[in-house]
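Asks: Okay, here's the structure, questions in a sec.
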Amino acid sequence: MSEELNPYKIAVQQLDEVAREINLDEGIHEKLKYPKRILTVSVPIYLESGKIKVYQGYRVQHSIERGPAKGGIRYHPDVTLDEIKALAMWMTWKCAVVNIPYGGAKGGVVCNPAEMTLKELEHLTRRYTSEIGIIIGPEKDIPAPDVNTNPAIMSWMMDTYSMNKGYSVPGVVTGKPLALGGSKGRFTATGKGVAIIAEDILKKQKIGISSATAAIQGYGNVGRATATFLHGMGVSIVAVSDKTGGLFNPDGIDIGMLNKYIDSKDDCSIKGFKSDGWVEGSKEANRELFKLTVDLLIPAALESQITTENVSDIKATIIIEAANGPITPEADAILNDKGILVVPDILANAGGVTVSYFEWVQDLQAMFWKEKDVDKNLCEVIHKAFHRVYGISKKRGVSMRMAAYILAVQRVADAAKMRGLYP
Ligand code: NAD
């Protein structure tokens, strides 16, 4: 991996920049560069063939200054420790930006779920949960879904942790099904948060929502929910892509029909949806998608997608980072110079962790909320964070990314300073 694409290097570089901007105490800056705790585990399982295969897994806790560590679990063949370290740090900032009482963490297993049976996936999840069980818990570190993990996997995690404890512990993970103590609105919360942010930023840019166009890279949990909410608000979604290719329709894709089509097939991909222009292969589709002249470009797949290689192609007015770390710092600086407004990931996709927080609160109180209350509270938290970040960016004349980092890092640094250094 080139250094431009190393996510941990990027995360530290971003922290260094904000430290300079706010004149951060040198000692606190040094402390925040490193994860508090890294656990590397071997995850041996029996495959259905009867053979044993060993997978590599990680759980990284970056900070617990403001509360228990919090962050998703990723299953992907390209998972690396540096990626998980970066994602854990970004979780710390994300929770601080929306002012929920959590630190940051992330977990991952190097595996390809597409090549595994359901039983193998369950064995992997249960063994991985047991291995990281020594550092997770409702008052210590609370995992959630991320790329290639879902409510079913969270159910196995909750059950495994509970079996090891000897009693049910619903608050150990969030993103669970409703029947196991999940929260209404959690599954689509990240996309809803992105849509709330889109509405706010379009208003600030004086672009009418019903005349706005959007292109979305990635059509999984976040991409699909974002597309569905934006479509419902009147935004025309002119392109979407996933790992199989991309759909293009300048008149707007029928998102309702596309979702129905995806639900009718096993692989959950957009491939084969006939009514729109199709580009085969993610590389080719993304190249086309990033070139589109749209109001909103929304990367919602993986990190390091907009780099110095393709940044000159970008013609969008606004980029909303629904994925974590989709723009490299070098590309980000070029976008800034080009006057393209970027809403950073730690603000844009914070809707998921916000409703995860609501889920955890409901689990701890064994008292569950109505969907309208979840929505109302989510809107309140995201709008408030957006306006705080936008205000800082205008007041200090900095990018929205820098403004979000100023708000987040200052909050974490203040907590660290007040707590002092043990012993
Ligand atoms: P997911 O696995 O549900 O979906 C990922 C999507 O990206 C799939 O449609 C996949 O086909 C597509 N994809 C993969 N490689 C691609 C490529 N090269 N080009 C185009 N599409 C590609 O994952 P998700 O939960 O939607 O997460 C997406 C991003 O959002 C990740 O960066 C994740 O960390 C971030 N995120 C997720 C949540 C959440 O609640 N799920 C919360 C905050 C941030």
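The values are calculated or read from the model by the stated rules, or taken from the named source; none is laboratory data. Because the structure is a prediction, the values reported are computed rather than measured. Positions of Cβ are backbone-derived with ideal geometry, glycine not excepted, and every protein chain shown enters the neighbour counts. Surface areas here come from the heavy atoms of the whole protein model, side chains and all, with no ligands, DNA or RNA. Shrake-Rupley method; radii C 1.70, N 1.55, O 1.52, S 1.80 Å.
Asks: Name the shape class, rounded, prolate or oblate, that the alpha-carbon gyration tensor gives for the stretch 189-343, where a ≥ b ≥ c are the square roots of its eigenvalues, rounded holds for a/c under 1.5, and otherwise prolate holds if a/b is larger than b/c and oblate otherwise.
Replies: Oblate, since a/c reaches 1.5 and b/c is not below a/b.
Asks: Leaving out same-chain residues fewer than 8 places away, which lysines sit with a Cα under 23 Å from that of residue 85?
Replies: Leaving aside lysines fewer than 8 places away in the same chain, those within reach of residue 85 are 9, 31, 33, 36, 70, 94, 106, 140, 417.
Asks: Report, by chain and number, residues whose modeled amide H sits under 5 Å from the one on residue 306, excluding near sequence neighbours (fewer than 5 apart, same chain).
Replies: 327, 328
Asks: Step through the table entries 243/283; 203/384; 176/260, compare each Cα-Cα distance with 18 Å, and write down the pairs that go over it. Write out the running numbers ahead of the final one.
Replies: Numbers: 243/283 8 Å; 203/384 15 Å; 176/260 23 Å.
Those over the limit are 176/260.
Asks: Sticking with this structure for a sec: Using a ≥ b ≥ c from the Cα gyration tensor of the chain (square roots of the eigenvalues), is it rounded, prolate or oblate, where a/c under 1.5 gives rounded and otherwise the larger of a/b and b/c decides, a/b for prolate? Show your work: numbers first, answer last.
Replies: Numbers: a/c = 1.44, a/b = 1.11, b/c = 1.30.
Rounded, since a/c falls under 1.5.
Asks: I would also like to ask the following. With every protein chain left in place, what is the accessible area per residue of the stretch 189-343 in square angstrom, probe 1.4 Å? Show your work: numbers first, answer last.
Replies: On the way: 6190 Å² over 155 residues.
Result: 40 Å² of accessible area for each residue.
Asks: Please list the non-local residues whose amide H lies under 5 Å from the amide H of residue 319, H modeled 1.01 Å from N, same-chain partners needing a gap of 5 or more.
Replies: 297, 341, 342, 343
Asks: Same structure, new question: Gaussian network model of the chain, Cα springs within a sub-10 Å range: biggest mean-square fluctuation belongs to which of 363, 345, 266?
Replies: Looking only at 363, 345, 266, the largest GNM fluctuation is found for 266.
Asks: Take every DSSP beta bridge with both residues inside the chain and express the antiparallel ones as a percent of the total, to the nearest 5. Mind showing how you got there, number by number?
Replies: Working: 25 of 49 bridges.
Just about 50 percent of them are antiparallel.
Asks: With loop defined by DSSP as not H, G, I, E or B, and exposure as at most 13 other Cβ atoms within 10 Å, which is the longest segment of the chain clear of exposed GluC sites (Glu not before Pro)? Walk me through the numbers before you get to the answer.
Replies: On the way: sites that count: 48, 139, 309.
Answer from the scan: 140-308.
Asks: State whether the stretch 330-423 is rounded, prolate or oblate according to the following rule on the C-alpha gyration tensor (a ≥ b ≥ c being the square roots of its eigenvalues): a/c under 1.5 gives rounded; otherwise a/b larger than b/c gives prolate, and the remaining case gives oblate.
Replies: Values: a/c = 2.60, a/b = 1.40, b/c = 1.86.
Taking the square roots of the gyration eigenvalues as a ≥ b ≥ c, the stretch 330-423 is oblate.
Asks: Turning to a different aspect of this structure: Apply the Karplus curve 6.51 cos²θ - 1.76 cosθ + 1.60, θ = phi - 60°, to the phi angles in the stretch 42-55 and return the couplings in whole Hz, x for Gly and Pro.
Replies: For the stretch 42-55, the Karplus-derived couplings read 9, 10, x, 9, 7, 6, 5, 6, x, 6, 9, 10, 10, 9 Hz, x marking Gly and Pro.
Asks: Can you give me the % of accessible surface on the chain that is carbon or sulfur? Probe 1.4 Å, all protein chains present, nothing else counted.
Replies: On the way: 9420 of 17750 Å².
On the chain, the fraction of accessible area on carbon and sulfur atoms equals 53 percent.
Asks: Can you pull out the trypsin sites (Lys or Arg not before Pro) in the stretch 244-332 whose DSSP state is coil and whose Cβ has at most 10 other Cβ atoms within 10 Å?
Replies: For trypsin sites (Lys or Arg not before Pro) across the stretch 244-332 that sit outside H, G, I, E and B with at most 10 neighbouring Cβ atoms in 10 Å, the list reads 274.
Asks: Using the Karplus curve 6.51 cos²θ - 1.76 cosθ + 1.60 with θ = phi - 60°, work out ³J(HN,Hα) for each residue of the stretch 98-104 in order, rounded to whole Hz, and write x for Gly and Pro.
Replies: Calculated HN-Hα couplings, in order: 8, 6, 9, x, 9, x, x Hz.
Asks: Determine the dipole magnitude for the chain: charges of +1 sit on the beta-carbon of Lys and Arg, -1 on that of Asp and Glu, nothing else is charged, the reference point is the Cα centre, and the result goes in debye to the nearest 20.
Replies: Values: 50 positive and 49 negative charges, 220 e Å.
So the magnitude is around 1060 debye.
Asks: In deg cm²/dmol, rounded to 500, what helix-only [θ] at 222 nm does the chain give when every DSSP H run of at least 4 residues adds -39500 (n - 2.57) and the total is split over its residues? Walk me through the numbers before you get to the answer.
Replies: Details: 14 runs with 192 residues, N = 423.
The helix contribution divided over the chain gives -14500 deg cm²/dmol.
Asks: List the residues, sorted by chain then number, that are 5 or more residues from residue 242 or on another chain and whose placed amide H is less than 5 Å from its amide H.
Replies: Under 5 Å from the amide H of residue 242 lie the amide H atoms of 218, each far enough along the sequence or on another chain.
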